[in-house]
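Visitor: Just passing along the structure, written as structure tokens.
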Amino acid sequence: MIDFEKYILPNGLTVIAHRDTSSPLAAFNLLYKVGARNESPERTGFAHLFEHLMFSGSANVPSFDEPLQMVGGENNAFTNNDYTNYYETVPKENIETAFWLESDRMFALNINEQSLSVQKNVVVEEFNQRYLNQPYGDLWLLLRKLAYMVHPYQWPTIGKEPSHITDASLFEVEEFYKRFYTPNNAILSVVGDFDHRYIFELANRWFGDIPAQQVGGLAIPQEPLQVAPRFLEVERDVPSSALYKVYHMTDRLGKSYHATDMLSDILSNGKSSRLYRNLVQEQRLFTDINAYLSGDIDPGLFVFSGKLNEGVSFERAEKAINEEIARVIDERIDDYELEKVKNKYESSIVFGETSILNKAMNLGYYQMLGNASMINTEVECYRAVEAQEISATAAALFTENNSSTLRYIAKK
Amino acid sequence: MVNRSIQPGFTLPVSLQIPEPQELIVGNGKKVLWLNIGTQSIVRITLQFPAGSKYQKKLLQASSTLGLMPEGTKNFSAQQVAEKLDFLGSQIDYSIDRDHAVISVFCLNKYVDQTLEVLKDIVLYPKFDGQEFETFRNKRKSSLAIEKAKVMYQAREVATAAMFGKNHPYGAYAEVGDYSLLEVDDLKAFHQERFLACGGLLFVSGLVDEVLVAKVAEELLPVVRRSDVEVPLLSFDALPKPEQIYIEKDDAVQSAVRLNRTLFARNHPDYVGMHVLTTILGGYFGSRLMSNIREDKGYTYGIFSSVVPMQESGFLTIATEVGCNVTLPTIVEIKREMDRLRSEKVGVEELSLVVNYMVGEMLRMLDGPFSIVDVILDLYQSGLPVSFINEHFAKITSITSEELHLLAQKYLNPADFIEVVVGKR
């Protein structure tokens, strides 16, 4: 159970404070509700490029990192399709430095041609390093494009192609900042050994005078119902062939979300799960196989991904996955297997609570979904799922017309 | 309105509070370490065996032994082992380096007994079944082939071999085909010799008391180690001369670059100073290499340098992945930064920034109920007491620019570094 207090500043900034007396450190997490899904199809990768620019200094802080390092702090950030998250850990005595730094870059970021040009290069190298120069690195570029026709989930956060990054202009950067980096579009969560009133006071002092702005994104086009299966084959210089098959699933707040998540765990969480046991250990069709959710807020993807064992055909591999799908739909999931999956949630939640940063991030995430208190109620949602709900969810989800298949063929 | 031009004040701890692990003597004078720490009802049980790859007689023997241990035991099939652990929500991590194999169990307090039952079988009675070995070997072949397709991975292997020699236990690396030369009997023999005969260091932490620790020790008694001393094994007399190695990959978009040199183990008097110096060079986001090569020139997504301590030696490594067309300019800049540290003293402000950052890093490293276990085990393997952390802290916070300057002159001569490029230049 995580006790927290919530307060909304007059300018719309949501602040959440949770007291943890066990650590000499404090965690500061600032989430902006903007991600790759808010980008236009002509300028993809922009939210992530912007995240890099947030480290270029602000009106009163020429260098973001130096003052933080000077007080023993560390920081980083990530961007995904739905949001952008900035975080610091500092010795708890120095928490105010995090308020000063983060509020200054929300207040008046220093944007200029020089930093934009360098960060474009850095991001293009990131694109090369992670998406082009790795075996299977372009997987998500291919898969998202195959599975989505209109929704911006059709590109990964790095963007569709490097030229979208190199073409970004200073004007666009400034517009993006004005549109999304405002207190009423952000959630601050702080975890450490503090009285919540002290955190709220600091929030008022440092963020209180930053004006709210009209948050104006484009409407996000929602994906129409898929009516026919989709296929793609590519050949690449990789050590083994891989099979990917994805299905459109419910959104994060959808009724069947927890059942869908548990379905993926029954199929593939841990070495005792069905796919690993049957398809890797027993039938030896794959050397590795996983089923997981893409983890998005809007309707995302249920993903199967497997590396084929030497000499196994794609037809055989696909058939084996379909057999497992049929089993989970037709045969009753027994109590033992259901209990096992639920126990794993319990355990991972208890272990997750040993990290102050993890708690701060989760509080921000659930607040973005609508209510930070979901951090305490999620486990009950999983506990409440029944076996037949999982089978029914699987039956609705796993139809051929709802699928996209990618055969990633190893060049011999 | 707040005056944003004034930075809030700050303080840093002047010493560290390090919980000292307790010792419990079991069996015939065998020592078990334990620590009651944290707020959640969870337990970590760790066994550290002198079973790293330096002891192996065939390539991949050590890692395959460790990897196959949970794949079937005297009392449980591979499937039952996985089933039981998953059902309890317990997790076992296996890790191995050149010196040690480490098995760590994480579980809820209420499931310690059931988890221990499985752990005991894995450690004491692994079966090394032929069928399971085939499946295991197939999986590992596939994942090793994927790793080897990455320029970064290849550069790391080649650079380590170039420092110590391809046939030296600290330099050797395997090819995918080496799995075919391995037999189940090799794994059995290695388990017998390095796990059962040598025993391992047992460390229990979390919300635990002496009763629980005694119970754990009782169950695992046959492999709780008999002797504190691990005898040095290796010779470093005939290390190869530094060389430049270029492995061309036609389809590369980026080159992996590595500059390495051998150093020393954690107990060397220059260790802490080199830790600070390497941090200044490339050990944090604002480091000289990051500022120059990423933030000024935009050549790379990241570049870092670090000191890697091993039980009997150690090395300094500088690594990055850069656009092929800037491979050579990057190497020039790396050497320029080394030379700058050799010719100019680090300024007061930069030094205090790095020292303060490192103080924060130490707090982060010691935070939470489990990370401290790793720190203490690292010290034990170098024959160092827990109080070494305090000495380390004191040394970091008192180091001078003059000392760092001398260390740079001693250890940062580019001519002493091997240079590896995998990709295109």
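Computed from the coordinates by the stated procedures, all read-outs in this text should not be read as laboratory data. Computed from a prediction, not measured in an experiment: that's the story for all the values here. Reconstructed Cβ throughout: ideal geometry from the backbone, glycine too, with neighbour counts over all protein chains shown.
Visitor: Just need the relative contact order of chain B here, percent rounded to a whole number, with Cα pairs under 8 Å and 6+ apart.
Guide: Reported relative contact order: 20 percent.
Visitor: Calculate one ³J(HN,Hα) per residue across the stretch B:76-89 by plugging θ = phi - 60° into the Karplus curve 6.51 cos²θ - 1.76 cosθ + 1.60, and present them in order as whole Hz with x for glycine and proline.
Guide: Running phi through 6.51 cos²θ - 1.76 cosθ + 1.60 with θ = phi - 60° gives 9, 6, 3, 5, 5, 4, 4, 4, 4, 5, 4, 5, 7, x Hz.
Visitor: Most mobile of B:LYS110, B:LYS54, B:LYS31 per a Gaussian network model of chain B (Cα springs, under 10 Å)?
Guide: Ranking B:LYS110, B:LYS54, B:LYS31 by mean-square fluctuation puts B:LYS110 first.
Visitor: Here's another thing I want to ask about it. Over the stretch A:297-412, one equal point on each Cα, no solvent: what is log10 I(q)/I(0) by the Debye formula at q = 0.14, 0.17, 0.22 Å⁻¹?
Guide: Values returned for q = 0.14, 0.17, 0.22 Å⁻¹ are -0.87, -1.07, -1.23.
Visitor: Can you list the residues, at least 5 places off or on another chain, whose amide H is less than 5 Å from the amide H of B:THR39, using H built in the peptide plane?
Guide: none
Visitor: Might you report the magnitude of the Cβ-based charge dipole of chain A about its Cα centre, with Lys and Arg at +1 and Asp and Glu at -1, to the nearest 20 debye? Show your work: numbers first, answer last.
Guide: On the way: 38 positive and 57 negative charges, 166 e Å.
It works out to roughly 800 debye.
Visitor: Next up: Once you charge only the Cβ atoms, +1 for Lys and Arg and -1 for Asp and Glu, what is the size of the charge dipole of the protein assembly as shown about its Cα centre, to the nearest 20 debye?
Guide: Roughly 1260 debye for the protein assembly as shown.
Visitor: Oh, and also: Hey, which of these cross-link pairs are over 20 Å Cα-Cα: B:LYS150/B:LYS424; A:LYS344/B:LYS215; A:LYS344/B:LYS141; A:LYS344/B:LYS84?
Guide: A:LYS344/B:LYS215; A:LYS344/B:LYS141
Visitor: Sticking with this one: If I take the Cα coordinates of the protein assembly as shown and project them onto the principal axes, what are the three extents in Å, biggest first?
Guide: Rounded to whole Å, the extents work out to 73, 69, 58 Å.
Visitor: Okay, next question. Testing the spin-label approximation: label points 7 Å from Cα along Cα→Cβ at B:LYS215 and B:HIS268. State their distance in nm.
Guide: Placing both labels 7 Å beyond Cα along the Cβ direction yields 4.6 nm.
Visitor: Continuing with this model, one more query. Could you tell me the calculated FRET efficiency between A:ALA392 and B:LYS110, based on Cβ-Cβ distance and R0 = 35 angstrom, to the nearest 0.05?
Guide: 0.60
Visitor: Count the lysine pairs in the stretch B:244-423 whose Cα atoms sit under 25 Å apart, keeping only pairs 8 or more residues apart in sequence or on different chains.
Guide: Final tally of qualifying lysine pairs is 9.
Visitor: In nm, to one decimal, how far is the modelled label at A:ARG332 from the one at B:ASN390, with both set 7 Å along Cα→Cβ?
Guide: Calculated label separation equals 6.3 nm.
Visitor: Moving to a separate point now. Find how much the distance from B:ASP378 to B:THR39 grows on full extension, using 0.36 nm per residue of separation minus their present alpha carbon separation; answer in nm with one decimal.
Guide: Details: separation 339, 0.36 × 339 = 122.04 nm, distance 2.43 nm.
Stretched out fully, the B:ASP378 to B:THR39 stretch lengthens by 119.6 nm.
Visitor: Also, I was wondering about something else. Can you tell me how much longer the chain between B:SER95 and B:TYR125 gets when fully stretched, taken as 0.36 nm per residue apart minus their C-alpha distance, in nm with one decimal?
Guide: 8.9 nm
Visitor: Compute the helix-to-body angle for A:95-107: its Cα long axis versus the longest principal axis of chain A, expressed 0 to 90° and rounded to tens.
Guide: Tilt relative to chain A: about 90 degrees.
Visitor: Taking the Cα centre of chain B as the origin and placing charges on Cβ (Lys, Arg +1; Asp, Glu -1), which of B:VAL373, B:ALA145, B:PRO70 is farthest toward the positive end of the dipole?
Guide: Value computed over the given set: B:ALA145.
Visitor: Percent of alpha carbon pairs in the stretch A:5-207 separated by more than 21 Å?
Guide: 55
Visitor: Would you mind counting up the charge near A:GLN367? Only other residues with Cβ under 11 Å from its Cβ, with Lys and Arg at +1 and Asp and Glu at -1. Intermediate values should be presented prior to the final figure.
Guide: On the way: positive: A:LYS6, A:LYS33; negative: none.
The answer is +2.
Visitor: Now, a different point. Would you give the gap between the C-alpha center of the stretch A:319-365 and the C-alpha center of the stretch B:193-271, rounded to a whole Å?
Guide: 34
Visitor: Return the Rg/Rh ratio of the stretch B:1-153 with Cα-based radii and a Kirkwood Rh. Walk me through the numbers before you get to the answer.
Guide: Working: Rg = 21.4 Å, Rh = 19.0 Å.
Radius of gyration over Kirkwood radius for the stretch B:1-153 works out to 1.13.
Visitor: Then there is this: Indicate, rounded to the nearest 5 percent, the antiparallel portion of the DSSP beta bridges found entirely in the protein assembly as shown.
Guide: 80
Visitor: Ok, one more. Efficiency by 1/(1 + (r/R0)^6): what FRET value for B:GLU349 and B:LEU207, r their Cβ-Cβ distance, R0 = 35 Å, to the nearest 0.05?
Guide: Calculated value: 0.20.
Visitor: Counting only other chains, and only Cβ atoms inside 10 Å, what mean value do you get across the residues of A:120-127?
Guide: On the way: counts 1, 8, 8, 2, 3, 13, 4, 2.
Counting Cβ atoms of other protein chains within 10 Å of each residue's Cβ and averaging gives 5.
Visitor: Below 13 angstrom from the Cβ of A:PRO239, what's the summed charge of the other residues (Lys, Arg +1; Asp, Glu -1)?
Guide: Once positives and negatives cancel, what remains is +4.
Visitor: Determine, for the stretch A:5-207, the count of lysine pairs separated by eight or more sequence positions (or lying on different chains) whose alpha-carbon distance falls under 23 Å.
Guide: For the stretch A:5-207, qualifying lysine pairs total 8.
Visitor: Net charge near A:THR166: determine it from the other residues with C-beta under 15 Å of the C-beta of A:THR166, scoring Lys and Arg +1 and Asp and Glu -1.
Guide: So the environment of A:THR166 carries a net charge of -4.
Visitor: For all pairs of alpha-carbon atoms in chain A, what percent lies in each bin of width 20 Å, listed from the first bin to the last filled one?
Guide: 24, 53, 22, 0
Visitor: Work out the FRET efficiency for A:SER63 and A:ASP209 from their Cβ-Cβ distance, taking R0 = 22 Å, and round it to the nearest 0.05.
Guide: 0.45
Visitor: Calculate the spin-label point distance for B:LEU328 paired with A:THR166, positioning each point 7 Å from the Cα along the beta-carbon direction, and give it in nanometres.
Guide: Going from the A:THR166 label point to the B:LEU328 one covers 2.2 nm.
Visitor: For the stretch B:296-390, which trypsin sites (Lys or Arg not before Pro) are in a loop by DSSP, counting at most 16 other Cβ atoms within 10 Å?
Guide: Qualifying residues, ordered by number: B:LYS345.
Visitor: Could I ask something else about it? Considering Cα pairs under 8 angstrom that are at least six residues apart, work out the relative contact order of chain A and quote it in whole percent.
Guide: 22
Visitor: Same structure again: Express in nm, to one decimal, how much length is gained between A:GLU5 and A:SER348 on full extension, taking 0.36 nm for each residue of separation and deducting their alpha carbon distance.
Guide: 121.1 nm
Visitor: Also, I was wondering about something else. For helix B:368-381, report the angle its Cα long axis makes with the longest principal axis of the Cα atoms of chain B; keep it between 0 and 90° and round to the nearest 10°.
Guide: Around 90 degrees separate the two axes.
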